[in-house]
Amino acid sequence: MGGAAKTAVEWLVSVAPDPEACRWEWERNPLGVTLLPAGRLWDVLIVGGELGCPTLDVLGRCVDRPGPVLGDFEDRRTGFFVPAGTAARWVGTGVRAAGLGSWIVVPYPGRASGGVRWLVPPDGAGTLTDPVVLETVMHEAAARIAADGL
């Protein structure tokens, strides 16, 4: 495992109730996924694929490094990692907010897994997407989708 993936693993498992047990299980899980609690270091805003992928595209042009982003293999959902507490304040329509009390299926960084993958892997430094920026780029992506549909 490379240095960036190792640092990302350490950052991710730091939210687990028992980080050592989580890391041990995760490294040996044949599916390459684990459940991690949201609401400690990060929340996740989950957007439907029809808006999620275009949002990630716009976000990538607006910021040097977005926070981690998860996607399923059919691009039906995209999950943006945002600061903890965002889920409790999020009011957007069509966005599922996973915060305190929610658990997220997370793939092992740098490894292929079943069902979910990193579209933007965590950098291990705790970089997260600013929810104000995310909301702005979601509006931009929605406007582009609407314009393309006309």
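The values are calculated or read from the model by the stated rules, or taken from the named source; none is laboratory data. A quick note: this is a predicted structure, and the numbers were derived from the prediction, not measured. Quick reminder, even Gly has a Cβ in these numbers, built from the backbone with ideal geometry, and neighbours come from all protein chains shown. The accessibility values were calculated without ligands, DNA or RNA, using every heavy atom of the protein model including side chains. Shrake-Rupley method; radii C 1.70, N 1.55, O 1.52, S 1.80 Å.
Looking at the range 80-112 only, could you name the residues that are part of a loop (DSSP other than H, G, I, E, B), small (Gly, Ala, Ser) and surrounded by fewer than 18 Cβ atoms within 10 Å (Cβ to Cβ)? Correct list: Ala84, Gly85, Gly92, Gly94, Gly101, Ser102, Gly110, Ala112. The set of residues in the range 65-75 that are modelled with pLDDT of 90 or more and open to solvent by 10 Å² or more (accessible area, probe 1.4 Å) comprises Arg65, Pro66, Leu70.
Assigned to a loop (DSSP other than H, G, I, E, B), in contact with a strand residue (DSSP E or B) (Cβ under 9 Å, 6 or more places away or on another chain) and within 22 Å of Gly110 (Cα to Cα): does that describe Pro66?
Details: assigned to a loop (DSSP other than H, G, I, E, B): yes; in contact with a strand residue (DSSP E or B) (Cβ under 9 Å, 6 or more places away or on another chain): yes; within 22 Å of Gly110 (Cα to Cα): yes.
Taking the combined requirement at face value, the residue satisfies it.
Of all residues in the range 113-141, those satisfying the criterion of being in contact (Cβ under 8 Å) with a residue 24 or more places away in the chain, of a type in the set (A, V, I, L, M, F, W, C) and part of a helix (DSSP H, G or I) are Val133, Leu134, Val137, Met138, Ala141. Return yes or no: is Pro54 open to solvent by 60 Å² or more (accessible area, probe 1.4 Å) and farther than 19 Å from Ser113 by Cβ? So Pro54 does not fit the description; no.
Evaluated against (1) in contact with a Lys or Arg (Cβ under 9 Å, 6 or more places away or on another chain); (2) open to solvent by 50 Å² or more (accessible area, probe 1.4 Å); (3) of a type in the set (S, T, N, Q), Thr127 falls short on exactly one condition, (2). Here are some conditions: (1) buried (at least 16 other Cβ atoms within 10 Å of the Cβ); (2) more than 28 Å from Thr7 (Cβ to Cβ). His139 meets all but one. Which one does it not meet? Of the numbered conditions (1) buried (at least 16 other Cβ atoms within 10 Å of the Cβ); (2) more than 28 Å from Thr7 (Cβ to Cβ), the odd one out for His139 is (1).
Quick check: anything in the range 9-18 hydroxyl-bearing (Ser, Thr, Tyr), more than 16 Å from Val132 (Cα to Cα) and open to solvent by less than 20 Å² (accessible area, probe 1.4 Å)?
Within the range 9-18, the first condition is being hydroxyl-bearing (Ser, Thr, Tyr), and the residues that meet it are 14.
Subsequent filtering for residues that are more than 16 Å from Val132 (Cα to Cα) retains 14.
Cutting the leftovers down to open to solvent by less than 20 Å² (accessible area, probe 1.4 Å) gives us none.
Looking for residues that are hydroxyl-bearing (Ser, Thr, Tyr), more than 16 Å from Val132 (Cα to Cα) and open to solvent by less than 20 Å² (accessible area, probe 1.4 Å), one finds none in the range 9-18, hence no.
Taking the range 10-36 as the range and being in a loop (DSSP other than H, G, I, E, B) and acidic (Asp, Glu) as the test, only Asp18 passes. Only residues that are more than 12 Å from Asn29 (Cα to Cα) and modelled with pLDDT of 85 or more were counted in the range 107-118, giving 4.
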